[in-house]
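Notes follow the structure.
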Amino acid sequence: MAIIVKGRSISKGCAEGEALVCREPIGFNFGIDVSNGVITEYKHELFGKSIKDRILLFPHGKGSTGGSYVVYQLAKNKTGPKAIINMTTETIIAVGAIMGSIPVMDSLEKNPYDLIFDGDHVKVDADHGLVVIEK
Amino acid sequence: MHLTDTEKRMRDGELGEPVRTAMAILMALGEIYGAEKLIPIRSAHVAGLSLKSHGLAGTEWAEDMASRGARVCIPTTMNVIGVDRSRDLHLPQAWVKDQLRIEAAYERMGCLGTSSCVPYYLGFVPRFQEHIAWAESSAVVFTNSVLGARDNREAGPSALASGLTGRTPLSGLHLEENRKGDVLFKVSAPLTNLADYGALGSYVGRIIGTKVPVFERMQEPSIEDLVYLGAGLASSGGVAMFHAVGVTPEAPTIESAFGGKKYEVLEITAKELEEGKQKLTSAKDRKVDYVAIGCPHCSLNQLKELATLLQGRRVNKETTLWIHTNVAIKSLANQLGYVQVIEDAGAVVTQDLCTILGNPEALGFKTLATNSPKMAFYAPGSNGFEVWYGSVEQCIEAAVHGSWNA
């Protein structure tokens, strides 16, 4: 069974993969190892986990405004998420994702935390404003 | 989004490829955030210029923009970089070389090599209600909150795009209605130094995310206190502005801070402040081999205070003390004799760089002491340091004794 939810496209493109759900905001600058996508922020919920190749759900970005370049680096190094789903995407994530062509959607018509769980297969189709969750 | 004829020509590449790229970034943001048009801005501040942020990918992107003729058309200051251009701090040669490539690319684009996170200490002071496009999270909070300028949390590349076009989308905090408070914090905890203000900011940033906090009962803070408050708010959280009732220009009263919006009320007692400090402390080993002050960069007042604290004292031979500021403030402090006093004590006054954007970890340090909420928050992830957090006096004692004894 597939659940299809509409949302707002922030950065165009389409990608699918395994979901990684994070309830804390993520600061990309100084908070992640760009060589492997592992979160390095002290005491962060995802500390020690890699976001590489995942469909990453987190509420919004935070912290340093240099984060866009880190998102771009992750995209170029192929160590970043395949796609991002936010509650509300802020400028830092939006700009980095647009530069690095990582599909991003936010403001889904249903709360993504009620629908998406770690390991779910999720497709983010930001060209058509749709998120598809396989159950 | 409505574009003027000139903006349409910029969008279509008639003013060159880099302007087209810049317009693509700004128009994407404008569409996402519902801007009806672009507005002119007076200045921009580009950030994320550390090699840690740019990496090779970002460096090549910036060099490509510069080579294709990108040139800023408004005053565009540059943020901190990862090296001190005035002296050899024994950082790895490859690091220095690659970092200077980034600096050079932005200078080729006409950006001003101020290399500092506090342009407002250097005479780049936007007036009340002036529209700007500054990145550097702590500077965004400061200009919005303390100066009453209009700025969003610009990303490094979007600030550059604004520098190249002289424009930013009319959205977010450029609109009066988005500048009102969301949560009232009644502060009963005594705030006696920068570390207290920083811990307050860090505590509140963690719980408030991207909302606008309003502080009540803040007693006569200094400009430096407000800088540290903002640096705390913008590192643990994504805060772009705050109000302090009776202190900041858009909050003469609680009513004006909230503009009729409903709001939540939370208390900040000594307990919450202590929790803020504890969350910034990650060290266990009391031996301190690295002490760093100046994140955001030190003001002249701070350097004077440090000179007083270090007068006639000696930094422990197993500890390194770096004090971060920019070339302008360092020059003045040098002329006034503060730098000599500080360096006679065995400390180093750096310019251009800072701990989290540089790589002092290459020198083998393990345990950092600082009074900066921003440095304490990022250093474990950025430098791999364990951190002691406390007042500047506690940090200087740690530097002199080589251990944290608070």
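The values are calculated or read from the model by the stated rules, or taken from the named source; none is laboratory data. In this text the structure is predicted, and so the values were computed from the model without any measurement. Please note: Cβ atoms are built from the backbone with ideal geometry, for glycine as well, and neighbour counts cover all protein chains shown. Surface areas here come from the heavy atoms of the whole protein model, side chains and all, with no ligands, DNA or RNA. Shrake-Rupley method; radii C 1.70, N 1.55, O 1.52, S 1.80 Å.
Observations, loosely collected:
- The mean accessible area for residues of the protein assembly as shown, using a 1.4 Å probe and ignoring ligands and nucleic acids, is 36 Å² per residue.
- Percentage relative contact order, the range B:187-276, counting C-alpha pairs under 8 Å, at least six apart: 39 percent
- For chain B, the 222 nm mean residue ellipticity estimated from helices alone, with every DSSP H stretch of n ≥ 4 adding -39500 (n - 2.57) and the total spread over all residues, rounds to -12000 deg cm²/dmol.
- Pairs over the 31 Å Cα-Cα cut-off, from the set A:LYS135/B:LYS374; A:LYS52/A:LYS110; A:LYS12/B:LYS262; B:LYS211/B:LYS366; B:LYS284/B:LYS330: A:LYS135/B:LYS374; A:LYS12/B:LYS262; B:LYS211/B:LYS366; B:LYS284/B:LYS330.
- Couplings for the range A:103-120, taken from phi via the Karplus curve 6.51 cos²θ - 1.76 cosθ + 1.60 with θ = phi - 60°, read x, 9, 10, 9, 6, 5, 6, 10, 5, x, 6, 8, 10, 10, 10, 3, x, 4 Hz in order; Gly and Pro are left as x.
- For the range B:113-239, the Kirkwood hydrodynamic radius from C-alpha pairs, put into Stokes-Einstein at 20 °C and a viscosity of 1.002 mPa s, yields a diffusion coefficient of 143 µm² per second.
- Angle in degrees between helix A:67-77 and the longest Cα principal axis of chain A, rounded to the nearest 10: 80 degrees
- Rounded to 5, percent antiparallel among DSSP beta bridges of chain B: 10 percent
- Centre separation in Å (Cα based) which lies between the range B:362-405 and the range A:1-44: 31 Å
- Heavy-atom accessible surface that B and A bury in contact, both chains counted, 1.4 Å, Å² to 100: 2800 Å²
- For chain B, built as a Gaussian network whose Cα springs stay under 10 Å, the top-fluctuating residue of B:LEU306, B:LEU26, B:LEU15: B:LEU15
- Taking every alpha-carbon pair within chain B, the share separated by more than 37 Å comes to 22 percent.
- Amide H contacts of B:THR114: B:MET78, each under 5 Å away and 5 or more positions distant or on a separate chain (H built 1.01 Å from N in the peptide plane; Pro and chain starts excluded).
- For B:SER171, the solvent-accessible surface with a 1.4 Å probe is about 10 Å², rounded to the nearest 10.
- Crossing angle, helix A:91-100 versus chain A [Cα axis fit, 0-90 degrees, rounded to tens]: 90 degrees
- Along the range B:383-389 the Karplus relation, 6.51 cos²θ - 1.76 cosθ + 1.60 evaluated at θ = phi - 60°, assigns HN-Hα couplings of 10, x, 8, 8, 10, 9, 10 Hz to successive residues, with x for each Gly and Pro.
- Within the accessible area of the range B:281-382 (1.4 Å probe), percent carbon and sulfur: 48 percent
- By the Stokes-Einstein formula, at 0.890 mPa s and 25 °C, the protein assembly as shown with its Kirkwood radius over alpha-carbon pairs has D equal to 105 µm²/s.
- Dimensionless Rg/Rh of chain A - Kirkwood Rh, Rg from C-alpha atoms: 0.93
- Using C-alpha pairs below 8 Å separated by at least 6 residues, the relative contact order for the range B:36-162 is 33 percent.
- Distance between the C-alpha centres of the range B:183-245 and the range B:54-133: 28 Å, rounded to the whole angstrom.
- The value of relative contact order for chain B, using C-alpha pairs under 8 Å at least six residues apart, is 17 percent.
- In the range B:152-167, the residues that give up 10 Å² or more of accessible area when the other protein chains are added, compared with the chain on its own (1.4 Å probe), are B:ARG153, B:GLU154, B:ALA155, B:GLY156, B:PRO157.
- Stokes-Einstein D in µm²/s, Kirkwood radius over Cα pairs - the range B:169-272 at 4 °C with 1.567 mPa s viscosity: 96 µm²/s
- The three principal axes of the C-alpha atoms in the range B:255-387 carry coordinate ranges of 54, 36, 26 Å, sorted with the longest axis first.
- Share of carbon and sulfur in the accessible heavy-atom surface of the range B:1-92 [1.4 Å probe, %]: 49 percent
- Burial of 50 Å² or greater, the range A:57-87 residues [accessible area, probe 1.4 Å, versus chain by itself]: A:LYS62, A:GLY63, A:THR65, A:TYR69, A:TYR72, A:GLN73
- Packing-based ranking of B:1-14, A:93-106, A:21-34, B:184-197 yields A:93-106, A:21-34, B:184-197, B:1-14, ordered from highest to lowest mean Cβ neighbour count within 10 Å.
- Summarising the amide proton neighbourhood of A:GLY63: residues at separation of 5 or more, or on other chains, whose placed amide H is nearer than 5 Å comprise B:GLY237, B:GLY238, B:VAL239.
- Linear extension gain, B:GLU264 paired with B:LYS284, 0.36 nm per residue minus alpha-carbon span: 3.6 nm
- Ratio of Rg to Rh for the range A:77-135: 0.95 [Cα atoms; Kirkwood radius as inverse mean 1/r over pairs].
- Among the GluC sites (Glu not before Pro) in the range B:309-406, those placed in a DSSP loop whose Cβ has at most 10 other Cβ atoms within 10 Å are B:GLU318.
- Convex hull of Cα atoms in the range B:24-109, direction-averaged projection (nm²): 6.8 nm²
- Residue of B:THR319, B:THR367, B:THR308 that the Gaussian network model of chain B assigns the largest fluctuation, springs spanning Cα pairs under 10 Å: B:THR308
- Nearby aspartates and glutamates by direct alpha-carbon distance to B:LYS277 (threshold 12 angstrom, same-chain neighbours under 8 apart not counted): B:ASP196
- Occluded residues from the range B:356-405, i.e. those whose accessible area drops by 40 Å² or more once the chain is not alone (1.4 Å probe): B:PHE377, B:TYR378, B:GLY381
- Carbon and sulfur %, accessible surface of the range B:119-271 computed with the full protein complex present, 1.4 Å: 52 percent
- Computed from backbone phi with θ = phi - 60° and the Karplus coefficients 6.51, -1.76 and 1.60, the 3J(HN,Hα) list for the range B:315-320 is 5, 3, 5, 9, 10, 10 Hz; x is used for glycine and proline.
- Rounded to the nearest 10 Å², the accessible area of B:VAL315 at probe 1.4 Å: 10 Å²
- Antiparallel DSSP beta bridges within the protein assembly as shown, as percent of all bridges there, nearest 5: 35 percent
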